[in-house]
Amino acid sequence: MKVLVINCGSSSLKFQLIDTAENSVLAKGLCERIGIDGSNFEYRKGDGEKTSALKEMKDHKDAVALVIAALTDPETGVVSSLKEIDAVGHRTVHGGEKFKQAVRIDEDVIAAIEEVSDLAPLHNPACIIGIRACMDLMPDLPHVAVFDTAFHQTMKPEAYLYAIPYEYYEKYKVRRYGFHGTSHAYVSSRAADMLKKDIKDLKIIVCHLGNGASISAVQGGQCVDTSMGLTPLEGLIMGTRSGDIDPAVIPFIAGKEGISCDAVVDILNKKSGVLGLTGVSSDFRDIVKAAEGGSEISEITLRAYSLRVAKYIGAYAAAMNGVDAIAFTAGVGENDAGIRGRICQYLGFLGTELDEERNKEARGREAVISKDGGKPVLMVIPTNEELSIAMQTVEIVGRA
Ligand code: AMP
């Protein structure tokens, strides 16, 4: 099947047309600065050259119209008409407790996504705008919402409840939701394939280490715990997010700096993490370079980052009473052998040993990086969230 995957932000729209039979990307691109002066449209057919052009896009409907025009263009296109596309899969950030899996979109589903928008006020409204624009311009195609939170809905209350007055859960649904669900689902499933075992018999820890970072414990194919919480701020140290801190830090800094608690949370989201600690960059390549150049705080930051990941791995090994595989994915996890090495230094107690050569050679491709015979098996597995969204879309459409 050919599935158009849409990932909508408030002023951007990323897309990929995926052939799920071949696992191949037929075309992909990006609309940027939608509704802002200087809107830009990037497009690439298959492995071809990327083209980039300023195109007026006053709203998301204009953006979707441009996407359709590019995909069906006789020269640059990959399909002759929309009839060749089987479905549209929409990356949707928050499904609350309502959505435990992907779902075919209708007006009731849009209303339910709207209902949980206060849990993701920056993301869900943008998703809905994108969904509506696509449904307006492609009314004959089935549209499916695939939620970042859905994979984590198998967590039990002991994993998802915060130890705060229970009424806040009852009244406002304050709890751990977790994000990056499509990535955790895809990578854990690939890990089982690589081990040639049924995922039902496996305990897997997935370390999604990108600009945003989260870690999950996947037992028998189901998420039992994950590090992101009510919002993506909790858990690991990230590019610009602090991850876990004592909540009392927030009013303390607000008082000292004379700013609001909201302003502090904004700082925790956008100016913290490895960027905040080093003052250098949110990009790990810059921090590694700075550490190699003698920056002490950059070296400490890399250590703090690795220690935090290792502590979560230890916790999740305990949560599952064992672990068969640990998979590294996303920008840092797939590419940075140094960070993987630092994390794995802590893991000998589990009975595994990193193979330095395999680790060095594994960059952006599936590989086992531990020595043979040990357990857990250490792995690198490039994530593919778009393919995961396309596959889930096919599953839902196929069921209808
Ligand atoms: P993602 O959010 O998965 O796209 O990951 C983005 C992050 O991955 C960037 O901010 C970089 O810090 C990191 N990254 C990407 N490529 C490399 C690389 N070759 N070596 C180290 N870090 C990398």
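Quick look at the numbers
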quantity	calculated
Scan of the stretch 288-325 for residues that are surrounded by fewer than 18 Cβ atoms within 10 Å (Cβ to Cβ) and outside any helix (DSSP H, G or I), ordered by number	293, 294, 295, 321, 322
First in the stretch 115-132 and more than 22 Å from residue 66 (Cβ to Cβ), second anywhere and of a type in the set (Asp, Glu) and part of a helix (DSSP H, G or I), Cβ under 8 Å, 6 or more apart	124/114
The stretch 286-308, residues that are within 14 Å of the ligand (Cβ to nearest atom) and in contact (Cβ under 8 Å) with a residue 24 or more places away in the chain	288, 301, 302, 305, 306
Which numbered condition residue 343 fails, given (1) among the β-branched types (Val, Ile, Thr); (2) touching a strand residue (DSSP E or B) at 6+ places or on another chain (Cβ under 6 Å); (3) more than 22 Å from residue 148 (Cα to Cα)	(2)
Unmet criterion (only one of (1) over 20 Å from residue 182 (Cα atoms); (2) within 16 Å of the ligand (Cβ to nearest atom)) for residue 317	(2)
Of residues in the stretch 334-368 being within 16 Å of the ligand (Cβ to nearest atom) and among the basic types (Lys, Arg), the one least open to solvent (accessible area, probe 1.4 Å)	340
Any hit, the stretch 276-295, residues being in contact with a Ser or Thr (Cβ under 7 Å, 6 or more places away or on another chain), within 22 Å of residue 316 (Cβ to Cβ) and of a type outside the set (Phe, Trp, Tyr)	no
Test for residue 393: is it within 13 Å of the ligand (Cβ to nearest atom) and either of a type in the set (A, V, I, L, M, F, W, C) or at pLDDT 95 or above (or both)	no
Members of the stretch 278-287 that are more than 14 Å from residue 340 (Cα to Cα) and in a helix (DSSP H, G or I)	278, 286, 287
Residue that is most open to solvent (accessible area, probe 1.4 Å), among those in the stretch 246-283 that are among the β-branched types (Val, Ile, Thr) and within 16 Å of the ligand (Cβ to nearest atom)	280
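The values are calculated or read from the model by the stated rules, or taken from the named source; none is laboratory data. Source: prediction; values computed, not measured. Cβ coordinates were reconstructed from backbone atoms using ideal geometry, including for glycine residues, and neighbour counts include every protein chain displayed. Keep in mind that these areas ignore ligands, DNA and RNA; they rest on the heavy atoms of the full protein, side chains included. Shrake-Rupley method; radii C 1.70, N 1.55, O 1.52, S 1.80 Å.
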